[in-house]
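These notes are about the structure you will find just below.
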Amino acid sequence: MVTKASIKKVKKSVQPLLVVGTVAVDSVETPFGKRDECFGGSASYFSYSASFFTPVRLVAVVGKDFPSQYRKVLEEKNINLEGLQIHPTGKTFRWKGKYDFDLNNAQTLETHLNVLLQFDPVVKGGNQVDYLFLANFDPTLQMKVLKQVERPRVKLVALDTMNFWIQNKRKDLKTVIEHVDLIVLNDGETRQLTGENNLIKAARKIRDMGPDIIVVKKGEHGVLLFYRDQFFALPAFPLDSVFDPTGAGDTFAGGMMGYIAKQNSVTFDTLKRAVAYGSVMASFTVEKFSLDRLRELGGSDIDERLSEFRALTKF
Ligand code: AMP
């Protein structure tokens, strides 16, 4: 018999998308301004963006110094924070970056791993995860997470990384790459990981490492999607004012994975639309510092921009 209580239970357990990554305090400088100690982190941008499409569960760690108003930002989108550990003594992960005139390249000035050094990610209900995103963070920890989900059940495991980990933990990163279905990288990271300048050849090399789906982000020049032997290219949504590119990649991934999880499908057609949604989400993030612009988005903003984007790319 379906009682009210059992309906509630079923509803509560619908959490198709899980993200594990960083929840951070960032300090960012761009040619247009500077913001100290603002809300950031790969899992923060990802989950906020994905939550426009599907329910999201987050696993990460912060210190006791993590500002409560930043936690509220995630709560306002009903992101499930049961997996957000609060370390009793350590400080929250901090990143300081700068963009010069070329906004496509972030210059990392400081990375303080802090609580990430002792982080032991715990995935409760690993046998209920349908879609998993291993956001940019330590590949050893990404592997630890992967071991906690039931591989035959999970429909898609995706991974993001960055130059910091390619340089410092290449071996561990390659091990985790072997076990994922989708990898999302920017063009510089793709070249750095493979030692191959040509992105098509580089994507083939990555495919040989394990993933079937490779998504190469090229900042203002758009995105390339490789799915087995099929290929799709999309420009970026053209903007006349890019203010702060921080989080664009994570927001892109959030829109992409959120859409895939919502459709509950991993066909080439779904993936093409997913990268379009990802591009639209990223185009909002870069218009303001931190998650500020995402927080302003209303019901129809995403679809309106997607229609504009569709009109711009159709010929
Ligand atoms: P992106 O989408 O690539 O611009 O990512 C920006 C976010 O990544 C920032 O909010 C940072 O807090 C976070 N971040 C920076 N460095 C790292 C790192 N080494 N590992 C994980 N997250 C990082």
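The values are calculated or read from the model by the stated rules, or taken from the named source; none is laboratory data. Fair warning: this is a prediction, and the values are worked out from it, not measured in the lab. For neighbour counting, all protein chains shown are included, and Cβ atoms are generated from backbone atoms with ideal geometry for every residue, glycine included.
Suppose we keep only residues that are part of a loop (DSSP other than H, G, I, E, B) and in contact with a strand residue (DSSP E or B) (Cβ under 8 Å, 6 or more places away or on another chain) within the stretch 114-135. Which one would you say is farthest from residue 16 (Cα to Cα)? Before the answer, list the steps.
Initially, the stretch 114-135 is screened for residues part of a loop (DSSP other than H, G, I, E, B), giving 119-125, 129-130, 135.
Next cut, in contact with a strand residue (DSSP E or B) (Cβ under 8 Å, 6 or more places away or on another chain) only: 119, 121-124, 129-130, 135.
Working: 119: 24, 121: 18, 122: 17, 123: 13, 124: 13, 129: 6, 130: 5, 135: 16 Å.
Among those residues, the one meeting the criterion is 119.
I need the strands (runs of 3 or more DSSP E) fully contained in the stretch 57-113, keeping only those with at least 2 residues that are out of contact with any Lys or Arg (no Cβ under 8 Å at 6 or more places or on another chain) and within 16 Å of the ligand (Cβ to nearest atom). Don't jump to the end; show me each part of the working.
Numbers: elements: 80-87, 94-99, 106-112.
Counting at least 2 such residues, we get 94-99.
Does residue 168 count as surrounded by 15 or more Cβ atoms within 10 Å (Cβ to Cβ), within 24 Å of residue 189 (Cβ to Cβ) and of a type in the set (S, T, N, Q)?
Working: surrounded by 15 or more Cβ atoms within 10 Å (Cβ to Cβ): no; within 24 Å of residue 189 (Cβ to Cβ): yes; of a type in the set (S, T, N, Q): yes.
The answer is no for residue 168.
Within the stretch 244-276, track down each residue that is farther than 22 Å from residue 153 by Cα, touching a residue at least 40 places away in the same chain (Cβ under 8 Å), in a helix (DSSP H, G or I) and over 14 Å from the mean Cα position of the chain (by Cα).
272, 276
Can you tell me how many residues in the stretch 146-185 are at pLDDT 95 or above, within 16 Å of the ligand (Cβ to nearest atom) and among the polar types (S, T, N, Q)?
Summing the residues that are at pLDDT 95 or above, within 16 Å of the ligand (Cβ to nearest atom) and among the polar types (S, T, N, Q) in the stretch 146-185 gives 3.
If only one of 262, 314 is more than 26 Å from residue 132 (Cα to Cα) and of a type outside the set (S, T, N, Q), which one is it? Before the answer, list the steps.
Details: 262 fails: more than 26 Å from residue 132 (Cα to Cα).
Going through 262, 314 in turn, the sole match is 314.
Which residue, of 228, 310, is exposed (fewer than 14 other Cβ atoms within 10 Å of the Cβ), of a type outside the set (Ser, Thr, Tyr) and closer than 21 Å to residue 183 by Cβ? Talk me through it step by step, then tell me what you get.
Numbers: 310 fails: closer than 21 Å to residue 183 by Cβ.
From the options 228, 310, the qualifying one is 228.
Residues to consider are 268, 237, 284; find the one that is modelled with pLDDT of 95 or more, touching a strand residue (DSSP E or B) at 6+ places or on another chain (Cβ under 9 Å) and not aliphatic (A, V, I, L, M).
Details: 237 fails: touching a strand residue (DSSP E or B) at 6+ places or on another chain (Cβ under 9 Å); 284 fails: touching a strand residue (DSSP E or B) at 6+ places or on another chain (Cβ under 9 Å).
Answer to the check: 268.
From 309, 289, grab the single residue that is assigned to a helix (DSSP H, G or I) and either closer than 16 Å to residue 219 by Cβ or among the aromatic types (Phe, Trp, Tyr) (or both). Please lay out each step first, then the result.
Numbers: 289 fails: assigned to a helix (DSSP H, G or I).
Criteria check complete, one pass: 309.
Given the conditions (1) more than 19 Å from residue 301 (Cα to Cα); (2) within 16 Å of the ligand (Cβ to nearest atom), report the number of the one that residue 282 does not fulfil.
(1)
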